[in-house]
Amino acid sequence: DEEFDELCFEFGLELDEITSEKDIISKEKGEEKAKGASDVVLYKIDVPANRYDLLCLEGLVRGLQVFKERINLPRYEKIIPGEGEGQKLIITEQTAQIRPHAVAAVLRNITFTKDSYDSFIDLQEKLHQNICRKRALVAIGTHDLDTISGPFTFTAKAPSEIKFKPLNQSQEYTAPQIMELYRTDSHLRHYLHLIENKPRYPVIYDSNGVVLSMPPIINGDHTKISLNTRNVFIECTGTDITKAKIVLDIIVTMFSEYCEKPFTVEAAEVVYPKGKTHIYPELAYRTEKVKPEYINKKIGISETPSSLAKLLTRMCLKSHVTGNENHIEIEIPPTRADIIHACDIVEDAAIAYGYNNIQMVIPKTYTIANQLPLNKLAELLRRDLAAAGFTEALTFALCSQEDISDKLGMDISATNAVRIANPKTAEFQVARTTLLPGLLKTIAANRKMPLPLKLFEISDIVVKDPNTDVGARNYRRLCAIYYSKSPGFEIIHGLLDRVMQLLEVPPNEENGYTIKAAEGTAFFPGRCAEVFVKGQSIGKLGVVHPDVITKFELTMPCSALEISIEPFV
């Protein structure tokens, strides 16, 4: 197990856990339910989402064998049958509105065992969930070719005109009945929405009118494959032709190893509405050229071109050095749709070299990190406010609309608040424009604590600002509150003086701070003052209005201070 775990890591995968069916069931449903389940050891392996070729045992084993240099990467071949002998899939123009694309191929003289058959079905399911985006982009159908006769027609018909026996059912149903039948099916109900509101449903017939499938929902029972199936007809229909080609390539390359002539696929011809034809699967090999120094520089190693070529060959990318050692020519097989750019090749070289083998080096650039001045000031103030006997609170940046408007006696339009378009709860509708409601709610939640309650918070508020690229701007504010049997205005005033003393702002009008009587909707008339620093208003302090106190479900008087700390940075 440890060796396999190590091998997976070297290959760029992660062995998630070693478990068994019994363990899984007992974890999820308890030991009682797990009785009689299999004890066979299962490996749970995490595969990167772009490596579709590792989604089945066949591909994974093949990849690991090539990586261990036990086998050479097989060469996938498509066999084009003689004139009139191959299978044809004709696409009609009715499909254009729903699922315009289709590709097809045939696996000839295949021999399934129970394990390989299960793997074949499982791979289709994994591809459906992954690259096919839950069948929205591509849907795969596999059929027993010996039960049907071509050419096949991919068309779209009114739901009531479609009637067939769906997979594993005992009778025929029309398309609307099938939709009803699977509405409660835990697996298939997730795909019904893809076509159910369309005027026509896609459907594939053979030359005798036998229904192969109604993509993306279900195959017909007539063509279902079994362990005795010898010839498999594979069709992939979809809305994205590139993804459909990739899916077809993956299925045929993975399972062609079970054909009489391993790694060969019989091609099928697809005829488009305008009469254009195309042979699938494409099984396209392509070559890319990369400079060895590019790979070495990006990874931070210094390997010779031939050893880099060997590393890439181990990753299923057959490579050799060309020209006087200044290029590596890499052949990208049809299984590796994830190789899009040179950096993907570099990544594979790095995996084969071993991330743990790359030497750590100190970067050539020399920089000294520094704390953001605003954060540094906030940290310093926090420590001193705590020393002054106040307790720090940390409240949510989102609040309800009432908190910043009605409860503070303001109109919502005057707050200039940023709204959430689709709030999940009434508590989180807008971004806060003041820190006061958060502290008042904190006091309401701590009413049982002994008085006086002295709280503070230094955090950001958010207001709309059409001049910024995001349409809003943050401001760092300091808010403090004193809650007791008497309003304690002098305590909050004393705290303001202490903050100014720490910031070295003297109490005078020219280049210091002053306070002047003012009015504020949240404050008691005649008990509110505005704070000015060098002639510029930075906030207010005062005794909180009794209406505000009752709206926040409080019973005692309190005074508060809220100022901006940005002018002091």
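Values in this text are rule-based calculations from the coordinates and carry no lab data. These numbers come from a predicted model, not from an experiment. A quick note on method: Cβ atoms are made from the backbone with ideal geometry, for glycine too, and the neighbour counts reach across all protein chains shown.
Listing for the model above:
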read-out	value
For segment 51-175, diffusion coefficient by Stokes-Einstein and Kirkwood Rh (Cα), 4 °C, 1.567 mPa s, µm²/s	73 µm²/s
Coordinate range along principal axes, alpha carbons of segment 77-280, Å, largest first	44, 41, 31
Antiparallel content of DSSP bridges confined to segment 77-280, in %, to 5	75 percent
Reciprocal of mean inverse Cα separation for segment 328-416 (Kirkwood radius, Å)	20.7 Å
With 10 Å bins from 0: P(r) over segment 373-568, alpha-carbon pairs, percent	9, 36, 38, 16, 1
Helix axis angle, 489-502 relative to the chain longest principal axis, alpha carbon, degrees	70 degrees
Shape call, segment 20-85: gyration tensor on alpha carbons, a/c limit 1.5	prolate
For segment 228-283, alpha-carbon Rg relative to the globular expectation (2.2 N^0.38 Å, N residues)	1.21
Whole-angstrom gap from segment 503-551 to segment 65-137, using each part's C-alpha centre	74 Å
Packing rank of 370-380, 294-304, where each peptide gets the mean count of other beta carbons within 10 Å, highest leading	294-304, 370-380
Value of D in µm² per second that Stokes-Einstein yields for segment 286-357, Kirkwood Rh from Cα pairs, at 25 °C (0.890 mPa s)	207 µm²/s
Long-range amide H partners of residue 101 with built H, under 5 Å	238
Stokes-Einstein D (µm²/s) once Rh is taken as the Kirkwood radius of segment 390-462 over alpha-carbon pairs, at 37 °C in 0.692 mPa s	253 µm²/s
Cα centroid of segment 417-446 to Cα centroid of segment 255-313, whole Å	55 Å
³J(HN,Hα), Karplus 6.51/-1.76/1.60, whole Hz, each residue of segment 71-87, x for Gly, Pro	9, 8, 4, x, 9, 8, 10, 9, 9, 8, x, x, 3, x, 9, x, 8
Answer label for Cα extents along the principal axes in Å (calculated), chosen among (i) 99, 67, 58; (ii) 77, 61, 46; (iii) 72, 70, 50	(i)
Spherically averaged projected area in nm², based on the convex hull that wraps the Cα atoms of segment 257-302	6.9 nm²
³J(HN,Hα), Karplus 6.51/-1.76/1.60, whole Hz, each residue of segment 133-140, x for Gly, Pro	6, 6, 6, 5, 8, 9, 10, 9
Computed magnitude of the charge dipole of the chain (debye, nearest 20; Cβ of K, R +1, Cβ of D, E -1)	1220 debye
Cα pair distances in segment 179-249, grouped into 10 Å bins until the bin that holds the longest one, percent each	16, 42, 37, 5
Segment 452-529: mean projected area of Cα convex hull, nm²	7.3 nm²
Cα-Cα over 28 Å, subset of 88/245; 68/297; 376/424; 245/289; 157/261; 134/245	376/424; 157/261
Sorted largest first, extent of segment 210-309 alpha carbons per principal axis (Å)	61, 37, 24
Per-residue HN-Hα couplings for segment 219-231 [Karplus 6.51, -1.76, 1.60; θ = phi - 60°; Hz; x = Gly/Pro]	7, x, 6, 4, 9, 5, 8, 9, 5, 8, 4, 10, 10
Built amide H within the under 5 Å cut-off of residue 90, gap 5+	152, 153, 154, 271
Quotient of C-alpha Rg and 2.2 N^0.38 Å, computed over segment 1-46	1.36
For residue 327, residues with placed amide H under 5 Å, excluding near neighbours	322
